[in-house]
1. Anything in segment 6-43 that is touching a helix residue (DSSP H, G or I) at 6+ places or on another chain (Cβ under 9 Å) and either among the aliphatic types (A, V, I, L, M) or under 15 Å from Lys61 (Cα atoms) (or both)? List them, or say none.
2. Filter segment 164-186 for residues that are of a type in the set (A, V, I, L, M, F, W, C) and modelled with pLDDT under 90; which is surrounded by the fewest Cβ atoms within 10 Å (Cβ to Cβ)?
3. Quick check: is even one residue across segment 90-108 surrounded by 12 or more Cβ atoms within 10 Å (Cβ to Cβ), of a type in the set (Gly, Ala, Ser) and not assigned by TED's automatic domain parsing to the domain that holds Ile165?
4. Can you tell me how many residues within segment 104-137 are in contact (Cβ under 8 Å) with a residue 60 or more places away in the chain and in contact with a helix residue (DSSP H, G or I) (Cβ under 8 Å, 6 or more places away or on another chain)?
5. Residues in segment 129-147: is at least one within 17 Å of Gln70 (Cα to Cα), part of a strand (DSSP E or B) and in contact with a strand residue (DSSP E or B) (Cβ under 9 Å, 6 or more places away or on another chain)?
6. Can you run down the residue pairs with Cβ atoms below 7 Å, 6 or more apart or on separate chains, where the first is in segment 149-167 and in contact (Cβ under 8 Å) with a residue 60 or more places away in the chain and the partner is among the small types (Gly, Ala, Ser) and not in a strand (DSSP E or B)?
7. Among the residues of segment 117-155, what is the count of those that are at pLDDT 85 or above and surrounded by fewer than 11 Cβ atoms within 10 Å (Cβ to Cβ)?
8. Can you tell me which residue among Tyr80, Tyr73, Tyr87 is in contact with a Ser or Thr (Cβ under 8 Å, 6 or more places away or on another chain), more than 30 Å from Asp15 (Cβ to Cβ), modelled with pLDDT of 90 or more and not basic (Lys, Arg)?
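The values are calculated or read from the model by the stated rules, or taken from the named source; none is laboratory data. Keep in mind that this is a model prediction, so the values were computed, not measured. Note that each Cβ is placed from the backbone with ideal geometry, even for glycine, and that neighbours are counted across all protein chains shown.
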Amino acid sequence: MSVNDLRPGTTFIYDGNVYIVLEQSFSKTGRQQGKVTVKVRNMRSGARTEMTFTGGEKVEKAMIDRIDVQYLYSDGNDVYLMDVDTYDQFSLPNQNLAWELNFLTDGLMLKMTKFGEEILGIDLPDKVEMEIIEAEPAVKGDTSSGAQKRAKVQTGWEVQVPLFIKEGEKVLISTNDGKYNGRSNN
C-alpha cells in the first residue's frame, strides 16, 4: 500500500515490525516531492515513534485480527485468556501487560490482537467496573470543591475518589489514564 493511504488506525509492516498509525500528516514545499509523516506505535513493543516517508513510497499492509476473549486469571508469570467463540485458551507474559494488569478482573471481556499466529496484545474496554477494597476515611469539614481521597481497588491500583465513596462500592475506572470515572450502576 502507498504511504499516502496511511490513516489513524491503519496497520502496516515496516523493517520487520508491525505498526499502527496514531496520527498522519502530509507536507509539500515548492517543487519537492511531498512528505508523509506518521506517528506510530510498535504493536509488539508498545514503543511510540515518528516516521517520515517520501510521498508514494510503499509499505506492506498488516492484516490484524481482533478476537473477543475473556480474562480468566494470572498465575504471577502469565495472564490466561479464553477465546469466547472457540474456547481456546491463550497465555501472555505479565511483563507484556504491565499497564493492563491494573484493570484485569475475573471474567472481563477484552479484544485480543493477533498478527497471523502471533499474539500482539490486548485492548481494554474504555472503562472497567472495580470494587473499592480500601478507602481512607473522609475528614469532617474537608468539603472544599472537588475534595478527594485515596482508595484501592481489588487489583491493587490506587485511585483518587470523591469523599462519599466507601469500601465495598463499585466504581468505574478509565483504562486510558487510570482515574475515577463515576459510580457503577450495578
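1. Phe12, Val36, Val38 - these are the residues of segment 6-43 that are touching a helix residue (DSSP H, G or I) at 6+ places or on another chain (Cβ under 9 Å) and either among the aliphatic types (A, V, I, L, M) or under 15 Å from Lys61 (Cα atoms) (or both).
2. Once the filter is applied, the top-ranked residue is Phe164.
3. Yes, that holds for at least one residue.
4. Of the residues in segment 104-137, 1 are in contact (Cβ under 8 Å) with a residue 60 or more places away in the chain and in contact with a helix residue (DSSP H, G or I) (Cβ under 8 Å, 6 or more places away or on another chain).
5. Filtering segment 129-147 down to residues within 17 Å of Gln70 (Cα to Cα) leaves 129-130.
Checking which are part of a strand (DSSP E or B) leaves us with 129-130.
In the following step, the residues that additionally are in contact with a strand residue (DSSP E or B) (Cβ under 9 Å, 6 or more places away or on another chain) were identified as 129-130.
Yes: segment 129-147 contains one or more residues that are within 17 Å of Gln70 (Cα to Cα), part of a strand (DSSP E or B) and in contact with a strand residue (DSSP E or B) (Cβ under 9 Å, 6 or more places away or on another chain).
6. Here the result reads none, with nothing in segment 149-167 linked to a residue that is among the small types (Gly, Ala, Ser) and not in a strand (DSSP E or B).
7. Total meeting the criteria: 3.
8. Working: Tyr73 fails: in contact with a Ser or Thr (Cβ under 8 Å, 6 or more places away or on another chain); Tyr87 fails: in contact with a Ser or Thr (Cβ under 8 Å, 6 or more places away or on another chain).
Step by step, each of Tyr80, Tyr73, Tyr87 is checked, and only Tyr80 is in contact with a Ser or Thr (Cβ under 8 Å, 6 or more places away or on another chain), more than 30 Å from Asp15 (Cβ to Cβ), modelled with pLDDT of 90 or more and not basic (Lys, Arg).
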